[in-house]
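Asks: Before I ask anything, here is the structure I am working with.
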Amino acid sequence: MNAHGIQAIYRFEMARWFRTLGQSLFSPVLSTSLYFIVFGSAIGSRMVEIGGVSYGEFIVPGLIMLSILTESVSNASFGIYMPRWAGTIYELLSAPVSAFEAVCGYVGAAATKSVIIGLVILATARIFVPYEVQNWPAMLLFLVLTAVSFCLFGFILGVLADGFEKLQIVPMLILTPLTFLGGTFYSIDMLPEPWRTVTLFNPVVYLISGFRWAFFGEQAADVNIGLSLGAISVFLVVCLSAVWWIFKTGYRMKN
């Protein structure tokens, strides 16, 4: 394995992120803080407990997951689209770096950014809401798996996009609505039938539920933890297969 190649890509992507740290880190943290103020403090003070926890605590995992999903897709898609747009992708394709190593560099950097943002938001949440994480290993596992999976998904979008505006179509029109409807601000058990059953077809429900399980235990989760782990694992395998096929065929990479 070409460790130097992976390190070079990783360091380049991280350096680009640090140059725009104000926009890359503080913007999502500020946006999430506003959600805590509006929903956690203003609305949460008038809400009853959900799953045995206060409403302010209940929305912490959902808001972190909302930021993780959007930032993972945006960071990874922009990271691979820029070399394609600038034409420097040919330097990568001609370098002694395999497809696996290139993906490790780009996706690893994007996932690192997302995990940092998630941990910063987790720390910021304590300013607004007192909460406890019951299972730290499970929380970190879900955080990393989600970041890596959606960074791979963002990598695929960055390869398929043929314009800057198209990088935002899926996050804005598909991913964000699915996240809002996936139990970010409520438990799906609060929905009447048939909407609760319909919501179970939303894959984001399983991610948020599993992440919330790590915080508060089974009483606050909407679905079984096994289903949550299975959903994120299947999505990870699908994205890995798609990225492997893109590099194997050179689809939209060599033209």
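The values are calculated or read from the model by the stated rules, or taken from the named source; none is laboratory data. Owing to the predicted nature of the structure, the values given are computational and were not obtained by experimental measurement. Backbone-built Cβ (ideal geometry, glycine too); neighbour counts: all protein chains shown.
Asks: Applying the selection to the stretch 203-231, what residues are among the aliphatic types (A, V, I, L, M) and either surrounded by 22 or more Cβ atoms within 10 Å (Cβ to Cβ) or at pLDDT 95 or above (or both)?
Replies: V204, V205, L207, I208, A214, A221
Asks: Among F247, F215, which is the only one that is touching a strand residue (DSSP E or B) at 6+ places or on another chain (Cβ under 9 Å) and either part of a helix (DSSP H, G or I) or within 18 Å of G52 (Cβ to Cβ) (or both)? Full working, then the answer.
Replies: Numbers: F247 fails: touching a strand residue (DSSP E or B) at 6+ places or on another chain (Cβ under 9 Å).
Matching residue, one of F247, F215: F215.
Asks: Please indicate, with yes or no, whether at least one residue in the stretch 79-102 is surrounded by fewer than 23 Cβ atoms within 10 Å (Cβ to Cβ) and under 16 Å from the mean Cα position of the chain (by Cα).
Replies: No, the stretch 79-102 contains no residue that is surrounded by fewer than 23 Cβ atoms within 10 Å (Cβ to Cβ) and under 16 Å from the mean Cα position of the chain (by Cα).
Asks: Tell me, please, whether a residue that is in a helix (DSSP H, G or I), touching a helix residue (DSSP H, G or I) at 6+ places or on another chain (Cβ under 8 Å) and among the acidic types (D, E) can be found in the stretch 9-22.
Replies: Looking for residues that are in a helix (DSSP H, G or I), touching a helix residue (DSSP H, G or I) at 6+ places or on another chain (Cβ under 8 Å) and among the acidic types (D, E), one finds at least one in the stretch 9-22, hence yes.
Asks: Going by the structure shown, is L63 surrounded by 15 or more Cβ atoms within 10 Å (Cβ to Cβ), touching a Ser or Thr at 6+ places or on another chain (Cβ under 6 Å) and within 29 Å of F235 (Cβ to Cβ)?
Replies: yes
Asks: Can you find a residue in the stretch 39-60 that is crowded, with 20+ Cβ neighbours inside 10 Å, assigned to a helix (DSSP H, G or I) and in contact with a strand residue (DSSP E or B) (Cβ under 6 Å, 6 or more places away or on another chain)?
Replies: Within the stretch 39-60, one or more residues are crowded, with 20+ Cβ neighbours inside 10 Å, assigned to a helix (DSSP H, G or I) and in contact with a strand residue (DSSP E or B) (Cβ under 6 Å, 6 or more places away or on another chain).
Asks: Within the group G158, G183, G154, which residue is at positive phi and crowded, with 17+ Cβ neighbours inside 10 Å?
Replies: That would be G183, the only listed residue that is at positive phi and crowded, with 17+ Cβ neighbours inside 10 Å.
Asks: Next question. Name the residues in the stretch 218-242 that are in a loop (DSSP other than H, G, I, E, B) and within 23 Å of A76 (Cβ to Cβ), would you?
Replies: none
Asks: In addition: When the residues of the stretch 125-151 are filtered to those that are among the hydroxyl-bearing types (S, T, Y) and either modelled with pLDDT of 90 or more or under 10 Å from the mean Cα position of the chain (by Cα) (or both), which remaining residue is surrounded by the fewest Cβ atoms within 10 Å (Cβ to Cβ)?
Replies: Of everything passing the filter in the stretch 125-151, S149 is surrounded by the fewest Cβ atoms within 10 Å (Cβ to Cβ).
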